[in-house]
Amino acid sequence: MDLTLSDEHRQLRELARRFTDERIVPHATRWDRDEAIDRELVPALGEVGFLGLGIDERYGGSGGDNLAYCLVLEEIARGDSAVRGIISVSLGLVAKSIARHGTEEQKQRWLPGLTTGTQLGCFALTEPGTGSDAGSLVTKATRTDDGYRINGRKVFITNGTWADVALVFARTGGPGPKGISAFLVPTDSKGFTATEIKGKLGMRGQATAEITLDDVDVPEDALLSTEGFKLAMGSLDKGRMSVAAGCVGAARGALEAALEYAKQREQFGKPIAGFQLVQELLADMAVETDAARLLTWRVADLADRGEPFRTEASMAKLFASEAAVKVANNAIQVFGGYGYIDEYPVGKYLRDARVTTLYEGTSQIQKLLIGRALTGINAFA
């Protein structure tokens, strides 16, 4: 594997770096305190092409490969992981699912808006009673003369109150994963209600919602796939790559902040960067960050070459999410008491990183998936 970035990749990374420094970093603390990102940021993300990465230009996309996607998400998460989450869900989980599985009519209807940022998508899989056990979801889609009627509840849905379309997973058949289908549900449908969840530990700027579907009628052409569980798991495989890339960005942001502070902060007559135990903290942070990045790039490389990457995605997501927590925690240690107040960014990095060990498959689920791949024995059976 050649780790040298192409000119195109370097230029894209520099564009993402400038965008992050100009449009995200100056506002991240305020967004965190207000629990709301400025909505006008979304079309700005579309204008520079970040919401269309990997999508065909015919549908408003900006093309690019998986490595390009990871490079952009790392830079964005360095500024604010909540913004990274908006991209990962609307583009990575929703738009790319439509691009892979949708009819031409579905692509024409939804992709131009999603890629330009005039619309957003949400991925409505998790339910109050089914998190890791998504194959047991109970939201029901019943056939009608004109299509389907959907009833159920979803929770912890990123972009839920901002989205224009929800990719909803609902049961159309018997129990278990094979009875699940996927639907594209306009959020202005009668009976569709989204209520924002406030008071989160981290990722406070992005809109996270509980969704209620009460006799929501959708036409036949809202059906994206009758193999909804398979679609969801395939989407989450690449989603784990994007989460890992975001964790690398958060870890890097925490490392850079800690390094700058350690060079400026003086104790006992010299910068604390000169003390060996502080250098040990910084060294550990740098190694964890680089290792997470290389694991993430391996997934992107496999995906770009059309090779299987499911287990590698679980490895990258597991390592990078846990690394981001450790790196941010060490950054607070470098800052000392100042790291405990939100005047400085490292506390936010820690709070934002913590949820990445939970969503899109907890760290424990990743270990079970990796273990199954190694042994051939299904721990879920």
(message) Within segment 305-315, does at least one residue satisfy the condition of being buried (at least 18 other Cβ atoms within 10 Å of the Cβ), at pLDDT 95 or above and closer than 30 Å to THR29 by Cβ?
(response) no
(request) Take ASP237 and decide whether it is touching a residue at least 60 places away in the same chain (Cβ under 8 Å), outside the structural domain of GLY54 (by TED's automatic domain parsing) and out of contact with any strand residue (DSSP E or B) (no Cβ under 9 Å at 6 or more places or on another chain). (result) yes
(request) Within segment 59-85, track down each residue that is in a loop (DSSP other than H, G, I, E, B) and of a type in the set (Asp, Glu). (result) ASP65, ASP80
(message) If a residue must be in contact with a strand residue (DSSP E or B) (Cβ under 7 Å, 6 or more places away or on another chain) and either crowded, with 22+ Cβ neighbours inside 10 Å or under 15 Å from VAL89 (Cα atoms) (or both), how many such residues does segment 149-163 contain?
(response) 10
(request) Identify the residue in segment 1-58 that is in a helix (DSSP H, G or I) and of a type in the set (Val, Ile, Thr) and, among all such residues, is surrounded by the most Cβ atoms within 10 Å (Cβ to Cβ). (result) ILE24
(message) Any residue at all in segment 336-353 that's acidic (Asp, Glu) and assigned to a helix (DSSP H, G or I)?
(response) yes
(message) Among the numbered criteria (1) touching a Ser or Thr at 6+ places or on another chain (Cβ under 9 Å); (2) under 25 Å from THR296 (Cα atoms), which one does ASP65 miss?
(response) (1)
(request) Could you list all residues from segment 68-79 that are more than 12 Å from the chain's Cα centre (by Cα) and not aliphatic (A, V, I, L, M)? (result) GLU75, ARG78, GLY79
(request) Look at ALA262 and say whether it is surrounded by 23 or more Cβ atoms within 10 Å (Cβ to Cβ), touching a residue at least 60 places away in the same chain (Cβ under 8 Å) and not in a loop (DSSP other than H, G, I, E, B). (result) no
(request) Name the strands (runs of 3 or more DSSP E) wholly inside segment 144-254 in which the number of residues that are over 17 Å from GLY85 (Cβ atoms), touching an Asp or Glu at 6+ places or on another chain (Cβ under 8 Å) and modelled with pLDDT of 95 or more is 1 or more. (result) 147-158, 180-186, 192-196, 208-219
(request) Say whether the condition of being under 17 Å from the mean Cα position of the chain (by Cα), surrounded by 18 or more Cβ atoms within 10 Å (Cβ to Cβ) and either in contact (Cβ under 8 Å) with a residue 40 or more places away in the chain or more than 24 Å from LEU67 (Cβ to Cβ) (or both) is met by at least one residue in segment 327-343. (result) no
(request) Quick one: in segment 302-326, of everything that is touching a residue at least 12 places away in the same chain (Cβ under 8 Å) and among the acidic types (Asp, Glu), which residue is farthest from VAL243 (Cα to Cα)? (result) ASP304
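The values are calculated or read from the model by the stated rules, or taken from the named source; none is laboratory data. Predicted, not measured: the structure shown is a model, and the values here were computed from it. Cβ coordinates were reconstructed from backbone atoms using ideal geometry, including for glycine residues, and neighbour counts include every protein chain displayed.
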